[in-house]
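*Asks:* First the structure, then my questions, so here it is.
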Amino acid sequence: MFELKPLSKEAIPAALEKATRYRLLNEPGEAESICHDVLAADPDNQAALVILLLAITDRFGKSYGVGTTPANEVLARIRDPYEKAYYTGIVNERRAKAQLQKGSPGSSHDAYAYLREAMSWFEKAEAIRPAGNDDPLLHWNVCARIIMRNHLTPRTEDSPALQLE
C-alpha cells in the first residue's frame, strides 16, 4: 500500500477551489479525493465536507455509483443545522433522480418517496434559513415539478415492487 502525502494547512483554500472545479468538470472522483486530503489536514473543515457530500451524490445513478452510506456519514459531520437540513434534502433529491434514471419496476414510486422526503427537509431548512437565502424553496419547487411532470405517485398495495426469488 501507499502512504498518502499530507496536504499543508496553507494549501487548503486552493485545494478546495480545485475540488469545486473538478466537480464542475464532472469529475467527482477527483473532487472526492481532494476533499479527503483536506479533511486529513483539517478533519472538521465544513467546506470540504459539503464539497465531498456533493461529489459523492454526483455519482448517484452512474455506472460507477456509490450507495448512500458514504453520504450519510458525511452528513453526520455537518454541524450547522440549516446546512444539515438543506444537504439532507439534496441527498434525497439526488437519490430520487437516480431512481428515475434507473427506470426499473417500482423505481418511480421510490423516486416519489425520496422527493417527498427531500421536500420535508427543504421545509425544515426553509424555517431556519439565513435571510435572503431561498435555496430550499428553489429545490422544493424542483421536487414538486419532477413529481408533477412525471406523474409520480406513492407506492400502494397494488404498486409493483421488485420481487427477489
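The values are calculated or read from the model by the stated rules, or taken from the named source; none is laboratory data. Predicted model only: the values in this text are computed from it and were never measured. Using ideal geometry, Cβ is built from the backbone for each residue, glycine included, and neighbour counts are taken over all protein chains shown. For the accessible areas, the whole protein counts, side chains as well, though only heavy atoms, and no ligand, DNA or RNA atoms are used. Shrake-Rupley method; radii C 1.70, N 1.55, O 1.52, S 1.80 Å.
*Asks:* Find the accessible area per residue for the chain; the probe is 1.4 Å, ligands and nucleic acids are left out, and the unit is Å².
*Replies:* Numbers: 10110 Å² over 165 residues.
Value for the chain: 61 Å² per residue.
*Asks:* Please give every one of the aspartates and glutamates within straight-line cross-link reach of Lys9, meaning a C-alpha to C-alpha distance under 15 Å, and leave out same-chain neighbours fewer than 8 residues apart.
*Replies:* Within reach: Glu17, Asp37, Asp42, Asp44.
*Asks:* According to a simple spin-label model (label point 7 Å from Cα along Cα-to-Cβ), what is the distance in nm between Ser120 and Arg79?
*Replies:* Output for this residue pair reads 2.8 nm.
*Asks:* Using label points projected 7 Å from each Cα along Cα→Cβ, tell me how many nm separate Asp44 and Arg21, to one decimal.
*Replies:* 3.0 nm
*Asks:* I need the shape label for the stretch 5-85. Rule: rounded when a/c is under 1.5, else prolate if a/b > b/c, else oblate, with a, b, c from the alpha carbon gyration tensor. Walk me through the intermediate numbers first.
*Replies:* On the way: a/c = 1.82, a/b = 1.17, b/c = 1.56.
Taking the square roots of the gyration eigenvalues as a ≥ b ≥ c, the stretch 5-85 is oblate.
*Asks:* Check cross-link reach from Lys97 to the lysines: straight Cα distance under 16 Å, and skip same-chain residues fewer than eight apart.
*Replies:* Cross-link targets: Lys62.
*Asks:* Rounded, prolate or oblate: pick one for the stretch 39-165, where a ≥ b ≥ c are the square roots of the eigenvalues of its C-alpha gyration tensor, a/c under 1.5 means rounded, and failing that, prolate if a/b is larger than b/c, else oblate.
*Replies:* Numbers: a/c = 2.50, a/b = 1.42, b/c = 1.76.
Because a/c hits 1.5 or more and a/b fails to exceed b/c, the stretch 39-165 counts as oblate.
*Asks:* Next up: Any idea how far apart Ser8 and Lys62 come out in nm if each label point goes 7 Å out from Cα toward Cβ?
*Replies:* 3.1 nm
*Asks:* Still on this structure, please answer the following. Of the accessible area of the chain, with the probe set at 1.4 angstrom, what percent is carbon plus sulfur? Don't jump to the answer; show the numbers that get you there.
*Replies:* Details: 5440 of 10110 Å².
About 54 percent, which is the carbon plus sulfur part of the accessible surface.
*Asks:* OK, next. So, with +1 on the Cβ of K and R and -1 on the Cβ of D and E, and no other charges, what is the size of the charge dipole of the chain about its Cα centre, to the nearest 20 debye?
*Replies:* Values: 20 positive and 23 negative charges, 66 e Å.
With only Lys, Arg, Asp and Glu charged at Cβ, the dipole is about 320 debye.
*Asks:* Also, quick follow-up: For Lys5, which lysines qualify as cross-link partners when the Cα separation must be under 22 Å and same-chain residues fewer than eight apart are set aside?
*Replies:* Cross-link targets: Lys18.
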